[in-house]
1. Using a Gaussian network model of the chain whose springs link C-alpha atoms within less than 10 Å, name the residue from Pro14, Pro87, Pro41 with the highest mean-square fluctuation.
2. Taking Rh as the Kirkwood radius computed over C-alpha pairs, what is the Stokes-Einstein D of the chain at 20 °C in a medium of viscosity 1.002 mPa s, expressed in µm² per second?
3. Tell me, what is the per residue accessible area of the stretch 13-112 in Å², probe radius 1.4 Å?
4. Would you mind working out the magnitude of the charge dipole of the chain relative to its Cα centre, with +1 at each Lys and Arg C-beta and -1 at each Asp and Glu C-beta, to the nearest 20 Debye?
5. Rounded to a whole number, what % of the accessible area of the stretch 57-110 do carbon and sulfur atoms account for, probe 1.4 Å?
6. Could you work out which residue, out of Ala60, Ala91, Ala77, moves most in a Gaussian network model of the chain, that is, has the largest mean-square fluctuation with Cα springs under 10 Å?
7. With a 10 Å cut-off between alpha carbons and a GNM built on the chain, which of Ser27, Ser84, Ser70 moves the most?
8. Semi-axes of the equivalent ellipsoid for the stretch 21-85, please: Cα gyration tensor eigenvalues, times 5, square-rooted, ordered largest first, whole Å.
Amino acid sequence: QVQVVESGGGLVQPGGSLRLSCAASGSIFSRYVMGWYRQAPGKQRELVATISSGGTTNYADSVKGRFTISRDNAKNAVYLQMNSLKPEDTAVYYCLASWSMNYWGKGTLVTVSS
């Protein structure tokens, strides 16, 4: 069983920045595909960004150029640096660890508002 825990959410003004962190258990973390997803009120969960075991990244068009996903295998961690935040980025952000199965965290709330 892989445990996934997100942190770093909060309230930020439009145009601001926030960094989310995700810690995942397991001795083979470096093999996991890691991802960030988000779910806004009344909407379906959507992909934000993923990073492969080899470091290849993929982003939703809506966040390209503003968000950066990275990983630190020594710390069993993945990060999401979010810049130039917009009100439409408001959502619960979930971390996903994918190996033989998908393991989800409980999410962290990001609110972008003035």
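1. Pro41
2. 154
3. So the stretch 13-112 comes to 51 Å² accessible per residue, rounded to a whole number.
4. Numbers: 11 positive and 6 negative charges, 15 e Å.
With only Lys, Arg, Asp and Glu charged at Cβ, the dipole is about 80 debye.
5. 49
6. The residue with the greatest mean-square fluctuation here is Ala60.
7. Judging by the Gaussian network model, the answer is Ser27.
8. In descending order the semi-axes read 22, 13, 10 Å.
The values are calculated or read from the model by the stated rules, or taken from the named source; none is laboratory data. The structure displayed is predicted, hence computed values, not measured ones. Using ideal geometry, Cβ is built from the backbone for each residue, glycine included, and neighbour counts are taken over all protein chains shown. Heads up: the accessible areas ignore ligands, DNA and RNA and are worked out on the full protein's heavy atoms, side chains in. Shrake-Rupley method; radii C 1.70, N 1.55, O 1.52, S 1.80 Å.
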